[in-house]
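To start, the structure under review is shown below, and the notes come after it.
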Amino acid sequence: MEKQSIAENQSIADAKVKAAYGACEDVPVMEEWSQPDVLLMNIWSALGQILVPMGLVVVYNNPGVFHASSSQDAEQTRRFFMQCQNQGHSWQVEWACVWTTPAVRLFPVLGVSLPVLLALWKVLHLRAYYMFMRNRIMICFAAGSRLGFKCGLALSVIFAHALAHFALLIFFGHPCEEEHCRGQHILNTGWKDFLNDPATLQRDKTFVLAATRLAVQYIVPGALSLIFVFGMDNFVAELVPMGLYFDHLPSKRYENLGRYMYIKEDVIEVAVKRIMASASELQPQSMEQLCLRFQETAKAMQCKQLGESADLEEETQSESLQLEEKGFAAGVRELILLEWWPLRLLLEFPLVDEVSVRFCQFLAAHLVASTVLLGLMTTTILRRCVILVRTEMMDLESGDFIPEPDAIYPFAWYLCLGLVLGVATCRVLSLTWRVTLRLTQSPEPTEP
């Protein structure tokens with residue numbers, strides 16, 4: 001009897017909330033754009049534009065990581081890297097060479113890993129937006145919508161360092177390591193000859209071959225991928241346009257728009273923590289029931305419906321109550337450790353409606369693919385550390401460890417990146433396992 005009374009009271013409370021905020025709204029275009037298969041198809045179509053050319057750079061840049069012989073790897077290394085020390089260069093050229101060397105290896109590995117993590121970040125935020133929008137909660141993503149752009153800037157800096165190393169290679173590098181190449185350079189055309197007759201550059205076969213190889217195997221595909229990375233966080237522009245929202249029954253849509261609750265992303269992140277802290281045990285529930293709880297929590301945090309009477313002074317004060325803004329370092333930390341509020345919605349709240357279960361199924365496949373790609377990049381960079389120790393930091397005859405600055409500096413960068421990617425890979429693998437358990441242990445899906 002007591003349980004029945006509690007259930008009746010809960011149903012009465014839900015009915016009151018529905019009367020105040022409205023139940024799930026039927027918007028055909030919103031339903032179509034929020035389907036899990038549509039979301040992931042759009043994500044992977046954008047991700048493929050980055051992974052295909054960047055994958056070519058990884059393959060050309062690391063031929064000896066898995067199957068090639070050491071001689072093949074050494075030959076390919078000479079094509080992309082300049083010998084920094086003991087070549088008769090000035091100390092400025094030597095230090096510039098050592099400084100820019102790690103960027104050549106770091107850029108392609110990060111160029112694959114960062115977009116994979118950004119794609120997961122993007123699909124989860126898109127899912128959260130449509131889930132809340134369907135239940136009359138409008139989220140503003142202005143707080144965290146520039147993470148991909150900042151990651152693109154970081155990749156651009158690394159790419160610029162790689163280009164600087166290639167410039168040093170062209171101007172000061174030797175075409176081979178034999179003694180007869182000691183006085184020769186890849187670029188043998190003087191600047192006066194080039195200014196007097198630019199066609200002389202075409203007759204410099206060593207330069208033409210090296211420049212063409214660098215352009216085809218690294219610079220062009222790397223630049224192409226980098227352009228698409230900047231669009232990974234522009235998902236706000238990819239949301240359902242308001243014109244399509246009003247396409248069906250526009251008068252009714254406009255009338256219902258006043259019942260939407262406008263919430264900023266940092267506020268809803270706090271609301272997630274409050275709901276989890278207030279509930280001793282989260283019971284299986286539908287997406288609609290969860291959104292009703294968010295509406296009540298947001299109301300307690302001074303969030304209002306768009307149709308409520310406007311008080312300019314009160315609204316100005318509420319906008320001034322900004323939570324602490326996250327910096328780029330915090331965003332990168334969340335990107336590596338997967339500490340996003342949409343993930344907490346997915347894993348901590350047992351949603352049992354049909355759409356949520358289908359999204360988990362598609363997300364599991366997406367996570368498996370992400371784990372494979374991140375695992376490959378982690379193995380690539382860590383294997384590169386092993387090759388670097390064997391070939392440049394140890395005497396092959398005596399087996400003694402001979403550290404040199406031009407080998408220790410890139411080794412430290414490769415090892416740090418390998419450890420960071422290892423953490424990210426383990427986190428994605430753990431998330432894959434948790435989503436799989438959620439699918440196997442969740443109750444039967446209910447109709448939305």
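Read the figures in this text as sums done on the coordinates, not as results from a lab. For clarity, every value in this text was computed on a predicted model and none was experimentally measured. Neighbour counts run over all protein chains shown; Cβ positions are idealised from the backbone, glycine included.
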Problem set entry | In order through region 335-348: 3J(HN,Hα) via Karplus (6.51 cos²θ - 1.76 cosθ + 1.60), integer Hz, x for Gly, Pro | 5, 6, 8, 6, 9, 10, 5, x, 5, 5, 4, 6, 8, 8
Exercise. Listing Thr436, Thr206, Thr425 from the residue with the fewest other Cβ atoms within 10 Å to the one with the most, what is the order?
Worked result: Thr436, Thr206, Thr425
Exercise. Using the Karplus equation 6.51 cos²θ - 1.76 cosθ + 1.60 (θ = phi - 60°), what ³J(HN,Hα) coupling, rounded to whole Hz, does each residue of region 49-63 give in order, writing x for Gly and Pro?
Worked result: 5, 8, 6, 5, x, 5, x, 4, 5, 4, 5, 5, 7, 9, x
Seminar exercise, completed: Taking a crude spin-label model, label points 7 Å out from Cα along the C-beta direction, the Arg274 to Ala330 distance in nm is 1.8
Seminar exercise, completed: Counting Lys and Arg as +1 and Asp and Glu as -1 over every other residue whose Cβ sits under 15 Å from the Cβ of Pro108, the net charge comes to +4
For this session: Give the order of Asp266, Asp37, Asp353 when sorted by the count of other beta carbons within 10 angstrom, beginning with the fewest.
Result: Asp37, Asp266, Asp353
For this session: Within 10 Å of each residue's Cβ, count the other Cβ atoms and sort Lys264, Lys273 from fewest upward.
Result: Lys273, Lys264
For this session: Hey, can you grab everything whose amide H is under 5 Å from the amide H of Lys264? Only 5+ residues off in sequence or another chain; H modelled, so Pro and N-termini drop out.
Result: Cys140
For this session: Output the pairs from Lys273/Lys299; Lys122/Lys252; Lys122/Lys299; Lys264/Lys304; Lys252/Lys273 with a Cα-Cα distance over 23 Å in this structure; if there are none, say none.
Result: Lys122/Lys252; Lys122/Lys299; Lys252/Lys273
Exercise. Roughly what would the spin-label model give for Met138 and Ala154, points 7 Å off Cα along C-beta, in nm?
Worked result: 3.3
